[in-house]
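Have a look at the structure below before the remarks.
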């Protein structure tokens, strides 16, 4: 689908961006907000590395990684279509990570908003 020599390259990029934004809005924004709030409400100063996400989220992550590797290695999907899928998925992942980084940079400000008595 995404062919560098295509005359419709910008249309393909635009569709991938649009699809990624929809996917972020419908699913990833809710997940990243839920996990951000979860991190802000942790009581430990140095929590376990795996306490940031719940078990279901780790299962979803493992499934997505496994599907990506399987689709790439088996050749069931043409590389052009895979590149379109990669571009589409990169948008919500990038936006979600931006939310995590933003919250991390302004952690003390958010802690006061979430737990006003503890600051």
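FYI, it's all coordinate maths here, none of it is from the lab. Keep in mind it's a predicted model, so treat the numbers as computed, not measured. Note that we place each Cβ from the backbone using ideal geometry, even for glycine, and neighbour counts take in every protein chain shown.
I need a count of the residues in segment 27-46 that are over 16 Å from the mean Cα position of the chain (by Cα) and under 14 Å from residue 98 (Cβ atoms).
Result for segment 27-46: 0.
When segment 47-61 is examined, which residues are found to be free of Cβ contacts under 8 Å to residues at least 12 places away in the same chain and more than 13 Å from the chain's Cα centre (by Cα)? Please lay out each step first, then the result.
Narrowing segment 47-61 to residues free of Cβ contacts under 8 Å to residues at least 12 places away in the same chain: 47-51, 55-56, 58-61.
47, 48, 49, 50, 51, 55, 56, 59 - these are the residues of segment 47-61 that are free of Cβ contacts under 8 Å to residues at least 12 places away in the same chain and more than 13 Å from the chain's Cα centre (by Cα).
Scan (1) within 30 Å of residue 108 (Cα to Cα); (2) not in a loop (DSSP other than H, G, I, E, B) for the single condition residue 65 breaks and write down its number.
(1)
Could you check how many residues of segment 67-85 are within 16 Å of the chain's Cα centre (by Cα) and exposed (fewer than 14 other Cβ atoms within 10 Å of the Cβ)?
Of the residues in segment 67-85, 1 are within 16 Å of the chain's Cα centre (by Cα) and exposed (fewer than 14 other Cβ atoms within 10 Å of the Cβ).
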